[in-house]
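Chemist: This is the structure I have questions about; it appears just below.
No lab work stands behind these numbers, since they all come straight from the coordinates. Predicted model, so just to flag it, every value in this text is computed and none were measured. A quick note on method: Cβ atoms are made from the backbone with ideal geometry, for glycine too, and the neighbour counts reach across all protein chains shown.
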Amino acid sequence: MDLPQVISSEIIKKSYLKHECSKDVALILSLEQEFDWQIIKKLNLSLLNIVHIVGLRLITNLECLTLSHNKIKKIENLDCLTKLEELNLSYNRITTIENLDHLTKLNILSLSGNKISELKNLDNSLQLQAFYISNNEITDINQIYYLKRFKYLQCMDLSNNPATNNNRQLIVDQFPKLIYLDNVHITAEERSSTVEINDEYSLAGSEILGDSNLIHKAFLNETDGLQFFNYLYHEDLDGELLSKWNSTVRGAFATYKKQITDSAMELYNTSLQKLTVRDEMFSKFKMSHNRFERKLTYESRDIIKEFEEIRRLRMEPTEQQLMDIETNGMGISQDSFGVGVENDHFSIESFVSVSEGDIIIMKRKLHKKNIYMNKTIMDLISKYTKLVEEELKLFLELLVPIFFNMRAIISTYSEILSENVRLAVNNPIKIIPKEFINHFGNRFAINDAVVKMSDKHMEMIYKREELLNSNAKKWAAKSIEDLKNSEKQRFWMVFEEITKYCDNVTIWLKSLKKL
């Protein structure tokens, strides 16, 4: 039988290196004398026989925490994780939702597979976008209505609870902003349908569509998904009225709406998938970037340490020497590269064996390391740029058939609408309903409206395709340009630090020679 484990710094580090780092990066980080806990933003502690949530105060930058498939009975000790955006506590032994008040940035919460019967204590998590609580013990249908306060909620899974089975349509009606329910996309037909409320049971659940933070900072928008049909019919009163022309047109309109929405969701999911790939590529690049930055830091520290050993006496200076140093302003603050050398005092004798030539040699070594670092990172950026360009090319190629299909759908619907309108308005015996005559004025205007509606929708799809292409290219180009600018700033910042440090040592040395 496996013994319960306590979350320790060693377990945190081991899990992070195992799940979130490549082998090379994990090896480098494992060899460091002092581990930087602030680099951990994602942590997987699943399947570790953990009983209590403790020991997380070292990782305050954490954004995603997974504690699934453990033996946790109580949600506790998460107050320090104020940056947490995703929390997975599925398949534990939790009975009560509690102690989440400080997690105000939480947007994904998974509590599936526990023993929860009441939904409560989530009032501060107003950014919640995805909520999973399937396979629990919710027996009161009124508990589900607690979730209506979360205006950003797009996805939820409430399946396999006593109060939530066989009531999909009711959930759709009660949560108009949901996108997925029970891992199935909510269709336009479901949105337009009505259902009689069953007082005995209701509601059910879903899965998250994607990383919303990723979407907000990229090229996707509300028209690339469920809202695409609304985008086409925005302020199109003529088109809305014509869609009610007769039973044939109404049927064609329903098909048109479904097919366009399905295509738009395909567009959205394709964009999101490629966006996620690019985000993963960027994360890997940042890991490599951090690796070389650390390498430069440690090598620069060694150069400075070697130089300091030359000029430092291995003894404490006398009081008179300290006074002389203080009087001549010879204290140096070694803040370059985050060196962290102890703030010792140096005696005058410690500089006897140091010359200006030694300072020049040290400066050259430091600059050489900085140039090496710059070249390495720029090479990495070049490789990353090629990968992004390849991914972007593939993405744009995937868009072509999707938009082609949208235009074909519009063309089919327009033909059906045009044919039915033409037959009616060209028939002198046919009586056109008053609502059409009152709106359009005459039979000729009705024909014109059909053509204009078709052209308008076709034009809007062409514009959206062009804009999506343009925005995707701009987004990729900007991310690469930001990386290059960041490296330029780093290079010149380090260059200035090296120069300043060496100039201070030179001034100090000249002051000593005057004594």
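Chemist: Where does each of 78-91, 47-60 land if you order them by average Cβ count within 10 Å, highest first?
Modeler: Values: 78-91: 19.5, 47-60: 16.6.
Taking the mean over residues of other Cβ atoms within 10 Å, the ranking is 78-91, 47-60.
Chemist: Sticking with this one: Under the √(5λ) rule applied to the eigenvalues of the Cα gyration tensor, what semi-axes describe the equivalent ellipsoid of segment 398-444? Give them in Å, descending.
Modeler: Details: eigenvalues 207, 27, 8 Å².
The answer is 32, 12, 6 Å, longest axis first.
Chemist: Enter the per residue convex hull volume of segment 67-188, computed from alpha-carbon coordinates, in Å³ rounded to the nearest integer.
Modeler: Working: hull volume 11.1 nm³, N = 122.
Once divided by residue count, the hull of segment 67-188 is 91 Å³.
Chemist: Same structure again: Roughly how large, in nm² to one decimal, is the mean projection of the convex hull of the alpha-carbon atoms in segment 407-515?
Modeler: On the way: hull surface 49.5 nm².
The number I arrive at for segment 407-515 is 12.4 nm².
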